[in-house]
1. Going by average Cβ neighbours within 10 Å, how do the peptides 25-33, 8-16 rank, with the highest at the top?
2. Given a Förster distance of 25 angstrom, what is the FRET efficiency for Ile220 paired with Glu126, based on the Cβ-Cβ distance and rounded to 0.05?
3. With +1 assigned to the C-beta of every Lys and Arg and -1 to the C-beta of every Asp and Glu, and no other charges, what is the dipole magnitude of the range 109-356 about the Cα centre in debye, to the nearest 20?
4. Based on Cα coordinates alone, diagonalise the gyration tensor for the range 57-98, multiply each eigenvalue by 5, take square roots, and list the semi-axes in whole Å, largest first.
5. Any idea how far the Cα center of the range 336-410 sits from the one of the range 1-30, in Å?
6. From the residues Phe25, Leu62, Met43, which one has its Cα farthest along the dipole of the range 5-104 in the positive direction, the dipole being from +1 and -1 charges on Cβ of Lys/Arg and Asp/Glu about the Cα centre?
7. For each pair in Lys2/Lys63; Lys100/Lys125; Lys31/Lys100, compute the distance between the two Cα atoms and list the pairs where it is over 29 Å.
8. Hey, for a label at Met246 modelled as a point 7 Å past Cα toward Cβ, could you say which residues of the range 300-316 have their backbone N under 15 Å away?
Amino acid sequence: MKLWGGRFAKKTDKLVEDFHSSISFDQRLYKQDIMGSVAHAAMLGKQGIISQEEADVLVAGLKTILQDIEAGQVHFEVDAEDIHMNVEKILTERVGEVGKKLHTARSRNDQIALDVRMYLKEEIKEITGLLLHLQEVLLDLADQHVHTVMPGYTHLQKAQPITLAHHLMAYFQMFSRDMDRLHDCYRRTDVMPLGSGALAGTTFQIDREFVKEQLGFAAITANSLDGVSDRDFAVEFCAAGALIMMHLSRFSEEVILWSSHEFRFITLDDGFSTGSSIMPQKKNPDVAELVRGKTGRVYGDLMGLLTALKGLPLAYNKDMQEDKEALFDAIDTVKKCLLVFAPMIETMKVNEKIMRQGVTGGFINATDAADYLAARNVPFRQAHEIVGRLVLYCEQAGKSLEELSMEELKDFSPLFGEDVYEKISPEKCVEARNVPGGPAPAAVKAAISKGRLYVHAF
Ligand code: ARG
């Protein structure tokens, strides 16, 4: 007998049974569902909507179900449709008729909104912890490489020298914004919808504030229709997750490039690389590739969720059951990727010498040569032109800027002096960029200290 079977003269078709049942995926909400019911039952008793004895029986019964699920002793049924009705059915089997009072002043519509919010709050906390750990790994690695000079790129062409620490700290900033976004998303998730009923609240004198306190929410939802139809928090999480993945994916792309034989900037640890079944020499950056690949899943979760919601009239519609698989997949994917990414970065070997070799050639110090002239009162546009011609000359002569003799340099501008060679050495190029947010060791050290404060504040 279905919990809603009263008005039906015929059994649900088997095909429909399988089609609409959500227990296969919403059973992961068992804890939130039961704790939500515990708070609800306690509230019903406190308000005299059911007797205190009845409330106690319900709460005790619910707690035994929780224990038994955790011990792996509960079997959920597809016919019971979802986690809510499975729990209610088991409760009634255990405590008898009084179990049927649990759903007083409640609907599965506000119940599922509650469960998902409770679940997401926990997961956001966990993901925040994983992100924080990755940030710590980045800070530690940056600390070791404040003086590790490497080429900075634009258009993937050598641009200006930077340091590895500076490059890593760029990712640190991205992950800080991700942390802020999760924090912000948490605020809007932390609102308690129970009491919205199916859509129009309830005729019973419930105490929503009590339930809110019991379940540790910051506030209660302000409108019963919105309370059951709002999935913004899930969309926001998926959007925040999509950005985390985008950052991880860009980082992955660099890990893949840098570990190639063409770059050789880094060597991935054997434990975080895989081989080929045919090519004996291969050591592939599969972890980074998979992270890059899984980014698409999370984008898909976000788009799926947005699309499922866009045409829905108020209030609850069964379409909304589709929110869970997308949300769960986004949560699982982000977590898995963060979990494996941090140790991959932590264990990789940095080939400092090869990075340093990368700043010779490619005229990576050309801006600094132009700055040298501009500092001697040549308008920058003109200095740019002079050095541009120098680069052309060098290319034809097969030389780098620092290999030119003083005479050759003076041919282009009489303002070039002996000190130019030092000024255009890669280390000096980096050191000179001592602006807040710049790559100079002093500036990066300041950024790392600030980063440590940020991480410790969490
Ligand atoms: N399993 C449903 C979901 O996940 C719970 C709410 C069902 N409500 C309803 N009236 N069918 O969305």
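1. Numbers: 25-33: 20.0, 8-16: 9.3.
Ranking the peptides 25-33, 8-16 by packing returns 25-33, 8-16.
2. Numbers: r = 25 Å, r/R0 = 0.99.
About 0.50, to the nearest 0.05.
3. My answer is approximately 800 debye.
4. Values: eigenvalues 49, 37, 10 Å².
Semi-axes from the Cα gyration tensor: 16, 14, 7 Å.
5. Computed from Cα coordinates, the inter-centre distance equals 67 Å.
6. After comparing all options, I get Met43.
7. Numbers: Lys2/Lys63 23 Å; Lys100/Lys125 35 Å; Lys31/Lys100 20 Å.
Where the Cα-Cα span goes over 29 Å, the pairs concerned are Lys100/Lys125.
8. So the set is 300-303.
No value in this document is a laboratory result; all are computed from the given coordinates. Every value quoted in this text rests on a predicted model; they were computed, and no experiment measured them. No Cβ is skipped: glycine too gets one built from the backbone with ideal geometry, and neighbour counts run over all protein chains shown.
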